[in-house]
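Every read-out reported here was derived from the displayed coordinates using simple, explicitly stated rules and does not represent laboratory data. Note that this is a predicted model, so its numbers are computed, not measured. Positions of Cβ are backbone-derived with ideal geometry, glycine not excepted, and every protein chain shown enters the neighbour counts.
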Amino acid sequence: MLQWAFDTMLGFGLLWLAWRALNSSDLFKAIVLFIAFGLLMALAWVRLNAPDVALAEAAIGAGLTGALLLAALARLGAMTDQNVSGASAYPVPSAQPPAGSHFSRGLLILLLSASVAGMAYAIWSLPSYATGLSMDVAAHLDDSGVGNPVTAVLLNFRGYDTMLEMMVLLLAVLGVWSLGGLQQQPEKPVAAVLETLSRFLTPVFILAAAYLLWVGADAPGGAFQAGSVLGAAGVLLLLSGWRPRVRLMQWPLRLALTAGAGAFILLGLLTLLLEKQFLTYPVAQAGRMILLLESLATVSIAVTLAILFLSVSSGHKEKSGKGEKK
Amino acid sequence: MSSLLAIDWGVIAILLPLAGGTACVLWPALSKPAGLISVTGVVLAIAGLGWRIMENGIYRHAVGGWGAPLGIDLFADGLSLIMLIMTALVGLGISFYARRYFSPRDAVRFWPIWLFLLAALNALFLSADIFNLYVTLEMTGLAAVALTALTGRIDALGGAMRYLLATLLGSLAYLLGVALLYHDAGSVDIATLAQRIQPNAAVWTALGLMSAGLALKTALFPLSFWLPPAHASAPAPVSALLSALVVKASFYILLRLWLELFGDFAQGASMLLGLLGAAAILWGSLQALRQTRIKLLVAYSTVAQIGYLFLIYPLASAGNGIAAGMAAYLAFSHALAKSAMFLAAGNLMLFGGHDRIADLDRAVQRLPLTVAAFALAGVSIMGLPPSSGFVGKWLLLDAAMSQGRWDLAVVMIIGGLLAAGYIFKVLGYAFTQAEVPHDARAVPAGMEWAALLLAIGAILLGFMASEIFALIAVDLVVNADEAGTVWTA
């Protein structure tokens, strides 16, 4: 009964937060609501017995995405302040619908309601419990080198998908760089509280990341969770004014960004040459190979997330300069 | 020889561009050579894969050694192979164009993203797993958006943003369909799903979500609103990649799902897709006719030509093999012609500093190769013999008439006439003198030849229709024993 009440509250809370976030005319408020939504969503995943997803949702969905959104908002503010006509360049959604669009709005609402109803019916009609591939995964878990079925699927059974996902992360950085690149910025002094806090928290974050990485072999955790916690440490350091040295921003940065993807590629080539089978690990070595892959992937994920934050929060000078040229 | 045949060319076609792209990130100074070597290597790998498929039948490789449905299988039959050949050849042409097109600053950004896009396309055409298809689709979409925004110009950023939102919405709808199918049938492997799937509410919803998402990503009218600004504002080689290859990726997934999973029970939905295709032909062609800029004209022409691809669905009752063959052939033909057109448009833009059709100012005298490329590609788009566009559209017309679908046949003919209208509009201005003369800049010969060779490819493909259809018919031609003797020989 208590669980049922909690789940109901959670469900309605999620819907309410989502609606408020979408409907808010103040972008800052919308982002804060979005972060709260992410945290509640993580709770929902816990209730659904998916702690791995919950960890990722809390760290990436609520934490890093929130930080990126706030950084983007700060930049948007800086741009509109410089532009006199800024308000028209970046319209904030207004509560009033434009005139004459009542018919199309009505049609849109009708279409959306119909598709939501159809989807709800389809989901309702599904069997409440489906085994899917979990029996298959359990049967082969002993050969996978790890004890956590989620890690076994991500790094072994479907390691090829994860390899491509690492490329997606790399592509995200390349995409952001192609938009404006990364500018060097001097260190900024910040409030003493933030500095003390980051000094205290960074080692804790690193320790937590290492724990998540190690424990991922047998319990919820793994490269994505560890990487996002480590990335959060990086964001915290960047927020407290720390900037990596110029030398570090050249090939060491590129090496860290490509470490995870590169490890997958090299392992793929090696297994193809030696075993004639792409990404097939020898059973005896599988555990060690997965740990190696996950460690390098953790570094890449963390650096990717921190660099995305740095790229979004820096370099709005060049961007607005381009706008003026046009 | 047999040792060459035993090489897993499919895996190499994915790994090579991934390694090349990663190398570009690590050593930006080596981007261009790394890019050209990788793209050439992919062409060789696809040739090897084609040879292997001709000898041994369908290609299959169990990644990780697990085998579907637990693991992921790479899979290539005739249809996949044609799409792979299309990607490799068109990609090679565009790469040699891009070699001269980009400034050193933009080249460093272009090559790694293009190589990852190439890897994603190869992986997509080699996939037989609906979740793996999602991953490759997402990778394709992100790379395409990043390429669109490459120049950082305001219009390119606007086009890219719109493209990003459309492509993400499409992927999410597709992913929701994947989740429903997995919950319903307990597998993400297409072959396993095909055995288990029954038409019920979940499957119908998945069909609707996946088809809508993929149609959005393929820019099927009226979901094509994002295509013209994105394709017209991107740099010329990127426009060529987007129009020739990227929209074909989502089209291929839809076609594959339809052939293997949904086609048997979704006749009504096939009719709807065909109807939208017919509307796309008319609307896209009329819009193309109205444009005053070449790149927008070519982009709207893509909207129209995508419509032809969707006419396959209502006409597919002729049999899956023939439908797949027509779709693959039309897609290949369009990829060659449209890439040539965008590259030619890029040359005209570089030459005159603008792409206003009315001010082409005797381009035919000053850039004869480029105008020839545009004209030859136009011949294929209009569907005049002996081009591949003619053969593809003729087969489609023949299927429509033999099934009594006169409405579709009429739309196809009108579409051809409108295409002739917009192509001759460009060519006409290329022969006349503009009122105000413009300064002209030199265009490197390599860029002119890249466009021309792709256009010649679109014509030559017209003579190879029987070979393409023979490839589609590739099945498990060799039984296990014979395969064994091939391996040991």
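May I ask for log10 I(q)/I(0) of region B:275-473 at q = 0.15, 0.19 Å⁻¹, from a Debye sum over the Cα atoms as equal point scatterers with solvent left out?
For the requested q values the scattering log ratios are -0.84, -1.22.
With a length cut of 20 Å (Cα positions projected on each helix's long axis) and a Kyte-Doolittle mean of at least 1.0, go through chain A and give me the DSSP H helices that pass. Before the final figure, lay out the partial values.
On the way: long enough: A:2-23 (31 Å, 0.75); A:27-47 (30 Å, 2.10); A:65-82 (26 Å, 0.90); A:102-125 (34 Å, 1.26); A:159-180 (33 Å, 1.41); A:192-215 (34 Å, 1.61); A:223-239 (23 Å, 1.88); A:251-275 (32 Å, 1.58); A:286-313 (40 Å, 1.84).
Those that clear 20 Å and a mean of 1.0 are A:27-47, A:102-125, A:159-180, A:192-215, A:223-239, A:251-275, A:286-313.
So how strong a dipole does the protein assembly as shown carry about its Cα centre when Lys and Arg Cβ are +1 and Asp and Glu Cβ are -1, to the nearest 20 debye? Kindly include the intermediate steps, with their values, before the conclusion.
Details: 43 positive and 41 negative charges, 542 e Å.
So the magnitude is around 2600 debye.
For peptide B:108-117, compute the average count of partner chain beta-carbon atoms within 10 Å of each residue's beta-carbon. Please list the in-between numbers first.
Details: counts 2, 6, 1, 0, 6, 6, 0, 0, 7, 1.
Mean shielding by partner chains, rounded to a whole number: 3.
Helix by helix through chain B, keep the DSSP H runs that span 30 Å or more along the axis on Cα and average at least -1.0 on Kyte-Doolittle, and give those back in order. Don't skip to the end; give the middle numbers.
On the way: long enough: B:31-56 (36 Å, 0.88); B:78-101 (34 Å, 1.32); B:104-125 (31 Å, 1.01); B:154-185 (46 Å, 1.18); B:267-290 (35 Å, 1.10); B:320-352 (47 Å, 1.12); B:406-431 (37 Å, 1.67).
Both cut-offs are met by B:31-56, B:78-101, B:104-125, B:154-185, B:267-290, B:320-352, B:406-431.
Work from the charge dipole of region A:166-304 (Cβ charges, +1 for Lys and Arg, -1 for Asp and Glu, about the Cα centre) and give the residue of A:Leu194, A:Ala233, A:Leu212 farthest towards its positive end.
It is A:Leu194.
Take the cross-link list B:Lys32/B:Lys217; B:Lys217/B:Lys295; B:Lys295/B:Lys425 and give me the ones stretching past 22 Å between alpha-carbons. Don't skip to the end; give the middle numbers.
Details: B:Lys32/B:Lys217 29 Å; B:Lys217/B:Lys295 20 Å; B:Lys295/B:Lys425 13 Å.
Exceeds cut-off: B:Lys32/B:Lys217.
For the protein assembly as shown, what size does the Cα cloud have along each of its three principal axes, sorted from largest down, in whole Å?
Computed over the Cα atoms, the extents are 73, 73, 56 Å.
Given springs between every Cα pair under 10 Å in a Gaussian network model of chain A, which of A:Ala54, A:Ala130, A:Ala306 has the largest fluctuation?
With Cα springs under 10 Å in chain A, the top fluctuation among A:Ala54, A:Ala130, A:Ala306 is at A:Ala130.
Just the C-alpha atoms of region B:298-372: what Rg/Rh do they give, with Rh taken as the Kirkwood radius? Display every interim value, and only then the final one.
Numbers: Rg = 16.8 Å, Rh = 14.4 Å.
Across region B:298-372, the Cα-based Rg/Rh ratio is 1.17.
About the Cα centre of region A:1-81, what is the dipole size in debye to 20, counting +1 per Lys and Arg Cβ and -1 per Asp and Glu Cβ, all else neutral?
On the way: 4 positive and 5 negative charges, 20 e Å.
My answer is approximately 100 debye.
What whole-number value in cubic angstrom gives the convex hull volume per residue for the C-alpha atoms of region A:174-309? Let's see the in-between values first.
Details: hull volume 16.3 nm³, N = 136.
Residue-normalised Cα hull volume stands at 120 Å³.
So what's the back-of-envelope 222 nm ellipticity for chain B, counting only DSSP H runs of four-plus at -39500 (n - 2.57) apiece and dividing by all residues, rounded to 500? Spell out each step's value before the answer.
Numbers: 23 runs with 366 residues, N = 489.
Rounded to the nearest 500, the figure is -25000 deg cm²/dmol.
Using packing as a proxy for protection, rank B:80-90, A:290-300 so that the peptide with the highest average count of other Cβ atoms within 10 Å comes first. Walk me through the numbers on the way to the answer.
Values: B:80-90: 24.7, A:290-300: 22.7.
Listed from highest to lowest mean packing, they are B:80-90, A:290-300.
From largest to smallest, what semi-axes in whole angstrom does region B:1-137 give when each is the square root of 5 times an eigenvalue of its alpha carbon gyration tensor? Please report the intermediate quantities before stating the final value.
Values: eigenvalues 148, 53, 32 Å².
Value: 27, 16, 13 Å, ordered largest first.
Identify, among A:Ile265, A:Gly175, A:Ala302, the residue whose Cα sits farthest towards the positive end of the charge dipole of region A:147-326, taking +1 on the Cβ of Lys and Arg and -1 on the Cβ of Asp and Glu, with the dipole about the Cα centre.
It is A:Gly175.
Using Cα-only point scatterers and the Debye equation, what is log10 of I(q)/I(0) for chain B at each q in 0.07 Å⁻¹, rounded to two decimals?
-0.34
Tell me the Kirkwood radius of chain A: reciprocal of the mean inverse pair distance over distinct alpha-carbon atoms, in Å.
Computed over Cα pairs of chain A, the Kirkwood hydrodynamic radius comes out at 22.8 Å.
Give the residue from B:Ile94, B:Phe463, B:Leu209 lying farthest towards the positive end of the charge dipole for the protein assembly as shown; charges sit on Cβ (+1 for Lys and Arg, -1 for Asp and Glu) and the dipole is referred to the Cα centre.
B:Ile94
Would you mind working out the magnitude of the charge dipole of chain A relative to its Cα centre, with +1 at each Lys and Arg C-beta and -1 at each Asp and Glu C-beta, to the nearest 20 Debye? Numbers along the way, then the final one.
Numbers: 19 positive and 17 negative charges, 249 e Å.
Charge dipole of chain A: 1200 debye, to the nearest 20.
Along the Cα→Cβ direction, 7 angstrom out, place labels at A:Gln250 and B:Phe431. What is the inter-label distance in nm?
If labels sit at A:Gln250 and B:Phe431, their model points lie 5.8 nm apart.
Between B:Gln365 and B:Ile414, what length comes free when the chain is fully extended (0.36 nm per residue of separation minus the Cα-Cα distance, one decimal in nm)? If you can, show how the numbers build up before the last one.
On the way: separation 49, 0.36 × 49 = 17.64 nm, distance 3.16 nm.
Taking B:Gln365 through B:Ile414 to full extension adds about 14.5 nm, to one decimal.
Let me know the volume per residue of the alpha-carbon convex hull for region A:1-81, in Å³. Walk me through the numbers before you get to the answer.
Details: hull volume 5.4 nm³, N = 81.
Expressed per residue, the convex hull around the Cα atoms of region A:1-81 is 67 Å³.
Points 7 angstrom from Cα along the Cβ direction at B:Asp264 and A:Ala284: gap in nanometres?
4.7 nm
Using helices alone, what [θ] at 222 nm do you get for chain A, with -39,500 (n - 2.57) per DSSP H run of 4 or more residues, divided over all residues and rounded to the nearest 500?
Numbers: 14 runs with 232 residues, N = 326.
Rounded to the nearest 500, the figure is -24000 deg cm²/dmol.
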